[in-house]
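K.L.:
The structure is given below, and queries will be raised subsequently.
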Amino acid sequence: MDSNGFFGNWGGAYIPEVLHQTFQELKKEYDRCRKDPAFWQEYLTLMSTYSCRPTPLTYAENLTRHFGGAQIYIKREDLNHTGAHKANNVMGQGLLVKRMGKKRVIAETGAGQHGMATATMAAKFGLDCTIYMGEEDVMRQRPNVFWMEKMGATVVPVTDGSRTLKDAINEAFRDWVTNVDDTHYVFGTACGPAPFPEMVAWFQSIIGIEAAEQIIQYHHKMPKRVYACVGGGSNAMGIFKRFLDEDGIELVGVEAGGHGAESGAHAIRLSSPDASPGVAQGYKTMFLQDDDGQMKLTHSVAAGLDYVGVSPILSDHWENKRVRFESATDTEVMQALDLTMRLEGIIPALESSHAFAGAFREVGQLSKDDAIIINQSGRGDKDIFTIAHAFEDPSWKKFIIDRGREYSNS
Ligand SMILES: Cc1ncc(COP(=O)(O)O)c(C=O)c1O
């Protein structure tokens, strides 16, 4: 990152005047923390005592046998406290908030995992907490809304635009501008104005640092490929960062193919020609937008992957070809999820299932001596309504109808 917050042609900090001082403070505190080994140590201790780190690297023996190619390893970010990699970033920012002496946090959330992690951190650190969430995502991720509220957060459903993540981000910025003195915006992914992309990627880099050590321990050499799903890009940057300077390791980001690249109903920014460079939400990246710069509607079965933009760090790695980008359709994702549940007894989140689908398509072509790592960014429990609906599961439907009847009669 250069001194203006750019990664090559991407990034920057396009912020309103009223936020300048806050950003200066944030940058200063972040720089201080980065240079202080005691801060990283404090972070590691917090994550190991509160969030089950290091998360395991699981050898997927049955999937490996099924595909007959490279050895498949799964980095288990689903086993973090609150069920996703989002905890890594949030607890790190929580430590920063404490140092900056702010009393209130706000956040945006798509799949709800970031909101859930932020509500958890706020409860632990004694902070007021407001979470903005698109109305559509409130419906898709109801279990997470329930937990956020139970932990004391106020969840505000956003009814603008497509009622998903980008609209929640706009609303969170509106709040921040008016409450800047006592409030920190816990940005949820490696996007937004500098220093957020760099800072979020730094906290998430714990994933790749652990995974590199673990794969050497189990497989005795580095992996051939590393796969991660890409919404905003935080779990992908988290696992990729450690491997970026290693020769011969292919890094593969899998985006939300939705109903297919030709359908228009997807969130493919980097692996299709549908996105173009733009500046929005405080930074420059590849956005899905029309010729007038209006953000397009996106679609994915996974609420955490249907964002219109992408990390400026990933746009840079796309441009310099260090990371290869692919996409997986909703149908492929459901098939990958089904197979992983049946063969390994593991339930990946719908977001993470994109990484599995991308890997499954290619792993059979690799040698048995090689290994791949799939980053399982989160667990699928939160998706039970969407998954049961997509599988058209009759017993789940009956359960919901019976419960509904019970409530309406009470
Ligand atoms: C489990 C899970 N994985 C992935 C994502 C996508 O975000 P990112 O690309 O920042 O990792 C989300 C976002 O909500 C998520 O909840």
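Taken together, the values in this text are just the output of simple stated rules run on the coordinates, not laboratory data. Because the structure is predicted, anything quoted here is derived from the model rather than measured. Note that we place each Cβ from the backbone using ideal geometry, even for glycine, and neighbour counts take in every protein chain shown.
K.L.:
What Kirkwood hydrodynamic radius, in Å, does segment 29-187 give when the mean of 1/r is taken over all pairs of distinct Cα atoms and then inverted?
P.N.:
Its Kirkwood hydrodynamic radius stands at 16.9 Å.
K.L.:
Fully extended, how many nm does the chain gain between residue 389 and residue 142 (0.36 nm per residue separation, minus their Cα-Cα distance)? The partial results should precede the final answer.
P.N.:
Working: separation 247, 0.36 × 247 = 88.92 nm, distance 1.40 nm.
Length difference between fully extended and current span is 87.5 nm.
K.L.:
Sticking with this one: Sorted by mean Cβ packing within 10 Å, highest first, what order do the peptides 84-93, 37-46, 315-324 take? Present the calculation step by step, with values, prior to reporting the outcome.
P.N.:
Values: 84-93: 28.7, 37-46: 13.6, 315-324: 18.5.
In descending order of packing, they fall as 84-93, 315-324, 37-46.
K.L.:
Let me ask something else. Peptides 395-405, 343-353: what's the order by average Cβ count within 10 Å, highest mean first? Working shown, then result.
P.N.:
Numbers: 395-405: 10.7, 343-353: 24.7.
Top to bottom by mean Cβ count within 10 Å: 343-353, 395-405.
K.L.:
Turning to a different aspect of this structure: So what is the diffusion coefficient of the chain in µm² per second by Stokes-Einstein at 4 °C and 1.567 mPa s, using a Kirkwood Rh over Cα pairs?
P.N.:
Working: Rh = 21.2 Å.
Estimated via Stokes-Einstein, D reaches 61 µm²/s.
K.L.:
How big is the charge dipole of segment 231-323 about its Cα centre, in debye rounded to the nearest 20, if each Lys and Arg gets +1 on its Cβ and each Asp and Glu gets -1 on its Cβ? Don't skip to the end; give the middle numbers.
P.N.:
On the way: 7 positive and 13 negative charges, 52 e Å.
Dipole size: approximately 240 debye.
K.L.:
At q = 0.22 Å⁻¹, work out log10 I(q)/I(0) for segment 316-368 with the Debye formula, treating every Cα as an identical point scatterer and leaving solvent out; two decimals please.
P.N.:
-0.84
K.L.:
First check a/c for segment 120-192, with a ≥ b ≥ c the square roots of the eigenvalues of its C-alpha gyration tensor; if it is under 1.5, answer rounded, and if not, answer prolate when a/b is larger than b/c or oblate otherwise.
P.N.:
Working: a/c = 1.84, a/b = 1.09, b/c = 1.69.
Judged from the Cα gyration tensor, segment 120-192 comes out oblate (a/c at least 1.5, b/c at or above a/b).
K.L.:
Normalised by the number of residues in segment 56-99, what is the relative contact order in percent for Cα pairs under 8 Å and 6+ residues apart?
P.N.:
28 percent
K.L.:
Something else now. Measuring from the lowest to the highest alpha carbon on each principal axis, how far does segment 33-91 reach, largest first, in angstroms?
P.N.:
Extents along the principal axes: 46, 24, 16 Å.
K.L.:
Residue 365 to residue 18: extension gain in nm, 0.36 nm per residue of separation minus the Cα-Cα distance? All intermediate terms of the calculation are to be shown ahead of the outcome.
P.N.:
Working: separation 347, 0.36 × 347 = 124.92 nm, distance 5.35 nm.
Stretched out fully, the residue 365 to residue 18 stretch lengthens by 119.6 nm.
K.L.:
Also: Using helices alone, I'd like the mean residue ellipticity at 222 nm for the chain: each DSSP H run of four-plus residues gives -39500 (n - 2.57), total over residue count, nearest 500.
P.N.:
-13500 deg cm²/dmol
K.L.:
Can I ask one more? Show me 217-228, 50-61 ranked by packing, highest mean number of other Cβ atoms within 10 Å first. Don't skip to the answer; put the middle values down first.
P.N.:
Numbers: 217-228: 19.7, 50-61: 17.6.
Peptide ranking by packing, descending: 217-228, 50-61.
K.L.:
Evaluate 2.2 N^0.38 Å with N set to the residue count of segment 159-256, then give the Cα radius of gyration divided by it. Please list the in-between numbers first.
P.N.:
Values: Rg = 16.9 Å, N = 98, 2.2 N^0.38 = 12.6 Å.
This ratio for segment 159-256 stands at 1.35.
K.L.:
From Cα pairs below 8 angstrom and at least 6 apart in sequence, can you work out the relative contact order of the chain, rounded to a whole percent? Show your work: numbers first, answer last.
P.N.:
Working: 853 pairs, mean separation 80.5, N = 410.
Answer for the chain is 20 percent.
K.L.:
Which distance in Å, rounded to a whole number, links the C-alpha centroids of segment 1-71 and segment 305-330?
P.N.:
Centre-to-centre (Cα) distance: 17 Å.
K.L.:
Over segment 13-85, calculate the relative contact order: mean separation of alpha carbon pairs under 8 Å at least 6 apart, over the residue count, as a percent. Don't jump to the answer; show the numbers that get you there.
P.N.:
Details: 46 pairs, mean separation 15.4, N = 73.
Relative contact order here is 21 percent.
K.L.:
Quick check on segment 269-322: take the gyration tensor over C-alpha atoms, sort the square-rooted eigenvalues as a ≥ b ≥ c, and tell me if it's rounded (a/c under 1.5), prolate or oblate. Can you show the working numbers first?
P.N.:
Details: a/c = 1.58, a/b = 1.17, b/c = 1.34.
Oblate shape, in that a/c is at least 1.5 and b/c is the bigger or equal ratio.
K.L.:
Still on this structure: Need one number: the % of Cα-Cα pairs in segment 17-120 sitting beyond the 16 Å mark. Intermediate values should be presented prior to the final figure.
P.N.:
Values: 3587 of 5356 pairs.
Of all Cα-Cα pairs in segment 17-120, 67 percent lie more than 16 Å apart.
K.L.:
Could you pull out the GluC sites (Glu not before Pro) across segment 221-306 that fall in loop regions by DSSP (anything but H, G, I, E, B) with no more than 15 other Cβ atoms inside 10 Å?
P.N.:
Sites meeting the loop and neighbour criteria: 246.
K.L.:
Another question, then. Classify segment 285-410 as rounded, prolate or oblate from the Cα gyration tensor: take a ≥ b ≥ c as the square roots of its eigenvalues, call it rounded if a/c is under 1.5, otherwise prolate when a/b beats b/c and oblate if not. Write out the running numbers ahead of the final one.
P.N.:
On the way: a/c = 3.03, a/b = 1.36, b/c = 2.22.
The shape class here is oblate.
K.L.:
Still on this structure, please answer the following. How are the Cα pair distances of segment 257-297 distributed, in percent, across 5 Å bins from 0?
P.N.:
Reading the bins upward from 0: 6, 26, 32, 23, 11, 3.
K.L.:
What Kirkwood radius, in Å to one decimal, follows from the Cα pairs of segment 104-232? Don't skip to the answer; put the middle values down first.
P.N.:
Details: mean 1/r = 0.0630 Å⁻¹.
So the Kirkwood estimate lands at 15.9 Å.
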